[in-house]
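Trainee: Got a structure here, written out as structure tokens. Questions coming.
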Amino acid sequence: QVPLVQSGGGLVQAGGSLRLSCAASGRTFSSYSMGWFRQAPEKEREFVAAISWSGGSTYYRNSVKGRFTISRDNTKNTAYLQMNSLKPEDTAVYYCAGGSRGPSLSLYDYSSWGQGTQVTVSA
């Protein structure tokens with residue numbers, strides 16, 4: 001497992017933007033895929049986006065396509081989630097995940113998790 005430390009998030013009005021960051025320690029960051037998940041109150045954790053180790057492949061849940069962008073900078077051991085045109089239904093605790101061989105949509109394929117960060121979108 002690789003420790004992951006998240007930053008970013010907060011409160012924003014609908015239509016606004018936020019960027020989440022996920023910093024990893026260790027030398028193996030560039031060798032595995034990363035993902036972002038979210039969990040709203042009383043709901044299960046759900047897939048948001050994933051990116052391959054090289055950044056060449058990305059995947060998104062349908063509801064965020066065209067609004068969210070996942071990226072990574074392997075020289076900084078950091079992954080990002082840029083969130084634009086935010087909606088109240090995007091409100092949740094967001095988690096970054098790492099350690100997957102491929103950019104998986106399943107949370108069970110990831111071995112490392114960030115601490116979570118709250119994103120609240122007001123109407």
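The values are calculated or read from the model by the stated rules, or taken from the named source; none is laboratory data. This structure is a prediction, so every number in the text was calculated from the model and none was measured. Neighbour counts run over all protein chains shown; Cβ positions are idealised from the backbone, glycine included. The protein model used for the area step is the full one, side chains on, heavy atoms only, and it has no ligands, DNA or RNA in it. Shrake-Rupley method; radii C 1.70, N 1.55, O 1.52, S 1.80 Å.
Trainee: Quick one: is Ala97 farther than 15 Å from Gln115 by Cα, among the aliphatic types (A, V, I, L, M) and either in contact (Cβ under 8 Å) with a residue 60 or more places away in the chain or outside any loop (DSSP other than H, G, I, E, B) (or both)?
Mentor: Spelling it out, it is not the case that Ala97 is farther than 15 Å from Gln115 by Cα, among the aliphatic types (A, V, I, L, M) and either in contact (Cβ under 8 Å) with a residue 60 or more places away in the chain or outside any loop (DSSP other than H, G, I, E, B) (or both).
Trainee: Oh, and also: If we scan the stretch 25-33, do we find a residue that is small (Gly, Ala, Ser) and closer than 15 Å to Gln6 by Cα?
Mentor: Yes, there is a match, as at least one residue in the stretch 25-33 is small (Gly, Ala, Ser) and closer than 15 Å to Gln6 by Cα.
Trainee: Sticking with this structure for a sec: Given the conditions (1) modelled with pLDDT of 95 or more; (2) exposed (fewer than 14 other Cβ atoms within 10 Å of the Cβ), which single one is not true for Pro41?
Mentor: The number of the failed condition is (1).
Trainee: Only one of (1) at pLDDT 95 or above; (2) open to solvent by 30 Å² or more (accessible area, probe 1.4 Å); (3) out of contact with any Pro (no Cβ under 6 Å at 6 or more places or on another chain) is not met by Val64, so which one is it?
Mentor: Val64 satisfies every listed condition except (2).
Trainee: So, restricting to strands (runs of 3 or more DSSP E) that lie completely within the stretch 1-84, which ones have at least 1 residues that are of a type in the set (Ser, Thr, Tyr)?
Mentor: Hits in the stretch 1-84: 4-8, 18-24, 33-39, 58-60, 68-73, 78-83.
Trainee: Give the residues of the stretch 68-79 that are under 16 Å from Gly56 (Cβ atoms) and buried (at least 19 other Cβ atoms within 10 Å of the Cβ), sorted by residue number.
Mentor: Ile70, Arg72, Ala79, listed by residue number.
Trainee: Considering only residues that are farther than 13 Å from Ala49 by Cβ and surrounded by fewer than 19 Cβ atoms within 10 Å (Cβ to Cβ), look in the stretch 96-106 and name the one that is nearest to the chain's Cα centre (by Cα).
Mentor: Among them, the one singled out is Ser106.
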